[in-house]
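Notes follow once the structure below has been shown.
The values are calculated or read from the model by the stated rules, or taken from the named source; none is laboratory data. Since we're looking at a predicted model, the values are computed, not measured. Heads up, the Cβs are rebuilt from the backbone with ideal geometry, glycines too, and the neighbour counts pull from every protein chain shown. Surface accessibility is based on the protein's heavy atoms, side chains included, excluding ligands, DNA and RNA. Shrake-Rupley method; radii C 1.70, N 1.55, O 1.52, S 1.80 Å.
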There are 4 protein chains.
Amino acid sequence: MTTARRAAQDAVTTEDVTDWWSTSISDIEPGVIRLRGYPVESLIGTASFPATIWLLLRGELPAEHQARLLELALVAAVDHGPQAPSIAAARMAATCGVGLNSAMATGVNLLGDTHGGAGQQCMEVLAAVRHACDAEGVPVADAVRMLLAEYKSARRFVPGFGHRFHPRDPRRDPLLSAVESEVTAGRLAGGHLEIALEIEAQLATGRPRPVPMNIDGATAVIYSELGFEPELGRGLFVLSRSVGILAHAWEERGSGRRIKGPIPPPLLPTYRGPEPRKPQD
Amino acid sequence: MTTARRAAQDAVTTEDVTDWWSTSISDIEPGVIRLRGYPVESLIGTASFPATIWLLLRGELPAEHQARLLELALVAAVDHGPQAPSIAAARMAATCGVGLNSAMATGVNLLGDTHGGAGQQCMEVLAAVRHACDAEGVPVADAVRMLLAEYKSARRFVPGFGHRFHPRDPRRDPLLSAVESEVTAGRLAGGHLEIALEIEAQLATGRPRPVPMNIDGATAVIYSELGFEPELGRGLFVLSRSVGILAHAWEERGSGRRIKGPIPPPLLPTYRGPEPRKPQD
Amino acid sequence: MTTARRAAQDAVTTEDVTDWWSTSISDIEPGVIRLRGYPVESLIGTASFPATIWLLLRGELPAEHQARLLELALVAAVDHGPQAPSIAAARMAATCGVGLNSAMATGVNLLGDTHGGAGQQCMEVLAAVRHACDAEGVPVADAVRMLLAEYKSARRFVPGFGHRFHPRDPRRDPLLSAVESEVTAGRLAGGHLEIALEIEAQLATGRPRPVPMNIDGATAVIYSELGFEPELGRGLFVLSRSVGILAHAWEERGSGRRIKGPIPPPLLPTYRGPEPRKPQD
Amino acid sequence: MTTARRAAQDAVTTEDVTDWWSTSISDIEPGVIRLRGYPVESLIGTASFPATIWLLLRGELPAEHQARLLELALVAAVDHGPQAPSIAAARMAATCGVGLNSAMATGVNLLGDTHGGAGQQCMEVLAAVRHACDAEGVPVADAVRMLLAEYKSARRFVPGFGHRFHPRDPRRDPLLSAVESEVTAGRLAGGHLEIALEIEAQLATGRPRPVPMNIDGATAVIYSELGFEPELGRGLFVLSRSVGILAHAWEERGSGRRIKGPIPPPLLPTYRGPEPRKPQD
């Protein structure tokens, strides 16, 4: 080791090392586990699972109506069947000789920008429109009109609206009703809901069929109204869908299949490559 | 393709393909999502998140006391800090330019047999003792004595008992109290609790310090009393710890660090390999 | 923090921290990268990729014949098509909006005990038979006979022999020929090859069709003859199959598909669960 | 199932299913494995591992000089030590009770846009400059000047140049020398090399210290000159670094440690969150 390196290394203290891993979430001492300051034994039996999720992510315990709304959204998104690649991959993993945790990790890893990111993207859209309205005093209808014009000219879909399978996503109505009740009761501001409904209304105009909010749009409204940042929207979706991933991996485990491929044997993928040949050809 | 292959392939029908992915969990039709037969909109707002987890894993909605006990166990295990490799790996992943879902997958993937498997292993132990008692009429105390003798001669720790950090795991008491209340109320059989307490009592005998049940042992009692199979114990632990993994990945995201290593720069791992040399040496 | 904890923490030095991450593989200083003692610039252009793999795993550069044989085995196992769950999962991941590295991780994660572990297991079998012969002076034929009797009574397949798809694995002959040449030339001992051939011969006896060595068996012979430990057999297989995983993920990327499920829409998994019902039912 | 759904499903044939998984890479029949048209047994012993990698990714076998240059780049990037999060995470995974494949997947999953993406990003930069020169007739020096002005005004680093640890990356010179030889011999066009050297020269101008090309920049030159698309640059880096990931996971396996955290016990992360409190507070 050079002298300079040795000197640089010697300047680092053990406290620098423990600081490198510092956290505001959990405080662990022998016999003590505190989460955001609360001893874990004070939470067990008093805090619901959704309230605990909120506590760890936000730093404070939620009000009852906040926990209830978060719970609705978590329940709504637990599963959409094995035709989804995340679920299918987890089921296949469960037949390959890995632990159930690795099968779950496989499914979670597939909830990327395209497969699991629409909720987060919708939250970003709602936040952007909201910002335009608040900061620049643009009316919601105008801000939405500009937004949709941009998406149209870029030939992109607005994330959170429309579903390639459901003409109307059955999870939309119960989720939005719950938000509306909270807004009516004065417990939520309702600004994000207003924007989302305006997008939905304008998207329907002049189209043969409406393009209603889907699960990603409806949960984006909830998470935005509750003050979560967009990227956490993805995180919450992952927590929710992990339930379906686990249930399907476990069901596949029960099948006793080994090394399950995507299609049943003896079916084989169609080959479309070069004709048989030899290296010296 | 050979004629035989072609014939085998032709014998497969499209129904064989949809059957290959058959499931009893979710039934998806355009406009319809049913989970274990329940339309999802009938669950949103009526079923709690733990009840929905139970429904997907077990096929039926739980009784209220079952959901409550499951919730306690899920709350108890959400986090134990960044000195755990699962949390640390997720935090490092969050600085590497992958989605929050992939950071979570990284953490979940580390909850393997050694790091996340003690609960499942403890459930297997409880089930084995239970089986010996039920099937062969051995008294609990004798069955436990035999078990501990086996572990002692194999120089192995009994999974679910003792903690390398906590002299007494603060999550033990509130979890066991909750089970005891249910047993007293006649809503749980209590057989697994009895076995676990007997193990704890015998482990303490003749030792300077007790070896109390830890979080894995206490949740193993709960999950066993609730009728979950051991491997699902792992799955439930993963659902719970995913909350802490998400919270820590998100906190690290907020730090703005890039490519976070395990120790702060300019510290470098100690090198213990061969002296500098050249290929022709 | 308690005084005892503070004292324990204060007893840890920065050197303990750098030692915690000590390694014999790489020595990194500013401007310097040494692998097993060799400056990386002395390897670039002189060491082949297989030789570098060997160096990192074994600590020394291989002889030319060792590197050549390792290369054969790495080439042989690169791909077996998208009907394998590892390849299929990586292809699906590539359509979900994650980086190509995460798509590859998805595939690699599925090469577990069942899907990717046969080579390792075969190496363990060969080592066990070898040990019985060496330590207890049992003739190879007898040791193999006992082994096969055990597998037969446990109704298990011997790992590395037979293929559910190929009557005779086309990779067997070129791999074994290469080992035989090395044995003939006196550069390999041949003990593991002898055992594997004896297993193959005894498995064929009294059966209508032979149960020839497959890719896992043939590479197990190579890796065992080269002195790799069984678990590294799995690692080498992963390095090899990562090539196919990457190629398939990349091909799928080129398809432009988004959120590719296991079966083409509008096909849906068959539902076999409970009839439609309501929570109050 | 509705009549419409049934009709849609009935319109799908088994051939649609096998086409859904079609590939140009591998053709598998009983007893037959062809890669890009070549029977695998014709490659074993004749094609090097790098040549096989090229074949699977590009569709054709490489010329000898192409395979040689690819091999150099693969050798150069195999490892950079356990202070990298990918290596550290794989080592921690190896102590958690998961298979070596899952430990490798953990490391690979961390080679995301920030940790493993600089090579790909550098290739995109080289391609963009190249395009500006070719399509619009801009001289290389001017195109580079514009590029660097953009990066400067955005306060971003140019990917592939400079290293936070090495004043001069020791892998730069041997890699670039090899490219220069090929250009001199007329086997490579040299356009990407020219651009990269121009960037390096302009970056050095007016700075106290140069900002030389690093491993990502040097391999980006190689992969670009060889005609790989930028995203495959990431894929090739992953193949290379997988070797180091495996070697480190394996070394950690040998340590016998269980549940290795990022810092040695009894060190604990610094806690910076709220003071101890109770839910009713």
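Enter the Cα centre distance for the pair the range D:97-155 and the range A:66-143, rounded to the nearest angstrom.
28 Å
Under 20 Å from a label point 7 Å along Cα→Cβ of D:Asp142: give me every residue in the range D:166-199 with its amide N that close.
Residues D:191-192, D:194-199 fall inside that zone.
So how do D:Glu15, C:Glu29 rank on accessible area, 1.4 Å probe, biggest first, that is with the largest at the start?
Largest accessible area first, the residues go D:Glu15, C:Glu29.
Where a Cα-Cα gap under 15 Å defines reach, which aspartates and glutamates qualify for D:Lys260, not counting those fewer than 8 residues away within the same chain?
Within the straight-line cut-off, D:Lys260 pairs with B:Asp113, C:Asp16, C:Asp19, D:Glu251, D:Glu252.
Testing the spin-label approximation: label points 7 Å from Cα along Cα→Cβ at D:Glu64 and C:Lys278. State their distance in nm.
Distance between label points: 8.0 nm.
Leaving ligands, DNA and RNA out of it, report the carbon-plus-sulfur percent of the accessible area of the protein assembly as shown at a 1.4 Å probe.
C and S fraction of accessible area: 50 percent.
Under a point-charge model restricted to the Cβ atoms of Lys and Arg (+1) and Asp and Glu (-1), what is the dipole moment magnitude of chain D relative to its Cα centre, in debye to the nearest 20?
It comes to approximately 1560 debye.
Divide by every residue of chain B the summed helix terms, -39500 (n - 2.57) for each DSSP H run of at least 4, and state the resulting mean residue ellipticity at 222 nm, rounded to the nearest 500 deg cm²/dmol.
Rounded to the nearest 500, the figure is -17500 deg cm²/dmol.
List the relative contact order of the range D:14-62 as a percent without decimals, with contacts defined as Cα pairs under 8 Å and 6+ residues apart.
It rounds to 24 percent for the range D:14-62.
Please report, in whole Å³, the volume per residue of the convex hull around the C-alpha atoms of the range A:132-246.
135 Å³
How many partner chain Cβ atoms sit within 10 Å of a residue's Cβ in peptide B:168-181, on average, as a whole number?
Taking the mean over all residues of the peptide, I get 3.
Extending each Cα 7 Å along its Cβ direction at B:Tyr151 and A:His131, get the distance between those two points in nm, one decimal.
The answer from the label model is 5.5 nm.
For the range C:164-228 and the range A:207-243, write down the distance between their C-alpha centroids in whole Å.
Spelled out, the Cα-based centre of one part sits 55 Å from the other.
Between D and C, which D residue has the Cβ nearest their rotation axis, distance in Å?
Axis relating chain D to chain C; nearest Cβ residue and distance: D:Ala105, 2.
Looking at the range D:28-98, which GluC sites (Glu not before Pro) are DSSP coil and have at most 16 other C-beta atoms within 10 Å of their C-beta?
Hits after loop and neighbour filter: D:Glu60.
How far apart, in nanometres, would the label points at B:Ala7 and A:Ser177 be if each is projected 7 angstrom from Cα along the Cα-to-Cβ direction?
Between B:Ala7 and A:Ser177, the label points sit 5.9 nm apart.
So with the 1.4 Å probe, I'd like the accessible area per residue for the range A:77-261, rounded to whole Å².
36 Å²
What percent do you get for the relative contact order of chain A when only Cα pairs under 8 Å and 6+ apart count?
That works out to 25 percent.
Inside 10 Å of the C-beta atoms of A:230-237, what's the mean count of C-beta atoms belonging to other chains?
Averaged over the peptide's residues, the number is 4.
Report, largest value first, the span of the C-alpha coordinates of the range C:14-62 along each principal axis, in whole Å.
38, 24, 12
Viscosity 1.567 mPa s, temperature 4 °C: Stokes-Einstein D of chain B from its Kirkwood Cα radius, in µm² per second?
Roughly 58 µm²/s, to the nearest whole number.
For chains D and A, what's the summed buried accessible area, probe 1.4 Å, to the nearest 100 square angstrom?
Buried: approximately 3500 Å² between A and D.
What translational diffusion coefficient, in µm²/s and rounded to a whole number, does the Stokes-Einstein relation yield for the range A:1-158 at 10 °C and a viscosity of 1.306 mPa s, taking the hydrodynamic radius as the Kirkwood radius over Cα pairs?
Once the numbers are plugged in, D ends up at 75 µm²/s.
Which value, in Å to one decimal place, does the Kirkwood hydrodynamic radius take for the range A:110-170 when every pair of different Cα atoms is included?
12.9 Å
Enter the mean number of other protein chain beta carbons within 10 Å of the beta carbon of each residue in C:47-59, as an integer.
Across the residues of C:47-59, the mean count of other-chain Cβ atoms within 10 Å is 6.
Exactly which trypsin sites (Lys or Arg not before Pro) in the range C:102-208 are in a DSSP loop and have at most 10 other Cβ atoms within 10 Å?
Those satisfying the criteria are C:Arg155, C:Arg156, C:Arg164.
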